[in-house]
Amino acid sequence: MHMSEGVEWALHSCLNLAWAESGTAVTATKLAAFYDLPAAYLNKQLQALARAGIVTSTSGPRGGFRLARALKDITLMDVVVAIEGPDPAFRCQQILHNGPDADPTADYRTSCVIAQAMSRADLAWRHELAAQTLADLRATVESRSPDTPELTRARLAKK
């Protein structure tokens, strides 16, 4: 399975927004500069997060992005779905219909052992992502590197 780099960018941006000065919006350009990312592409990811209700977007001179809800209410799965979409990673194409002794009336998406195994794996992956919140990630980062919130705030506050 392959997730786009936008998922990583979105997750890091959400954590950086959590550490930004309270009540301030952060532009896509400033968030992109934090990791030397292309601002236009990061802005697309942030807009996807806004459509999903994870961040809010404000235009104007004091505009930018803010988290729309508490980190404890945003799961990793929420971010992945916002960026990648809700479709499962594996899509059974029912190639068994083309095989020997195929049953043309069978729905192989439900009866094929490969499709069943892949569906179970996808469900386990989604369950794990849904069980972790951005608050969990923040707590881990802050326990490993307690100065991260202040360093992030300072870097985002620079003009």
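Worth a mention:
- P(r) tail for the stretch 107-157: Cα pairs beyond 19 Å make up 56% of the total.
- Taking the protein heavy atoms of the chain in the context of the full set of protein chains, the accessible area attributed to carbon and sulfur is 55 percent at 1.4 Å.
- Across q = 0.14, 0.30 Å⁻¹, the stretch 1-40 modelled as identical point scatterers on its alpha-carbon atoms has Debye log10 I(q)/I(0) values of -0.32, -1.10, in the order of the q list.
- Computed from backbone phi, the HN-Hα couplings of the stretch 87-98 come to 5, x, 5, 9, 10, 5, 9, 6, 5, 4, 4, 9 Hz, rounded to whole numbers (Karplus: 6.51 cos²θ - 1.76 cosθ + 1.60, θ = phi - 60°; Gly and Pro given as x).
- For the stretch 2-55, accessible area per residue (1.4 Å probe, heavy atoms of protein chains only), Å²: 47
- If you take the Cα centroid of the stretch 53-129 and the Cα centroid of the stretch 20-36, the two points sit 28 Å apart.
- Among 40-47, 97-104, 108-115, sorting by the average number of other beta carbon atoms lying within 10 angstrom of each residue, highest first, gives 40-47, 108-115, 97-104.
- For the chain, the fraction of C-alpha pairs farther apart than 18 angstrom is 64 percent.
- Candidate lysines for bridging to residue 158, where Cα separation is under 25 Å - those fewer than 8 sequence places away on the same chain excluded: 30, 44
- Environment charge at residue 111 (Cβ cut-off 14 Å; Lys +1, Arg +1, Asp -1, Glu -1): -2
- Cα-Cα separations in the stretch 17-105 greater than 19 Å, expressed as whole percent: 52
The values are calculated or read from the model by the stated rules, or taken from the named source; none is laboratory data. All values reported here derive from a predicted model rather than from experimental measurement. Note that each Cβ is placed from the backbone with ideal geometry, even for glycine, and that neighbours are counted across all protein chains shown. Please note that ligands, DNA and RNA were not included when accessible areas were found on the heavy atoms of the full protein model with its side chains. Shrake-Rupley method; radii C 1.70, N 1.55, O 1.52, S 1.80 Å.
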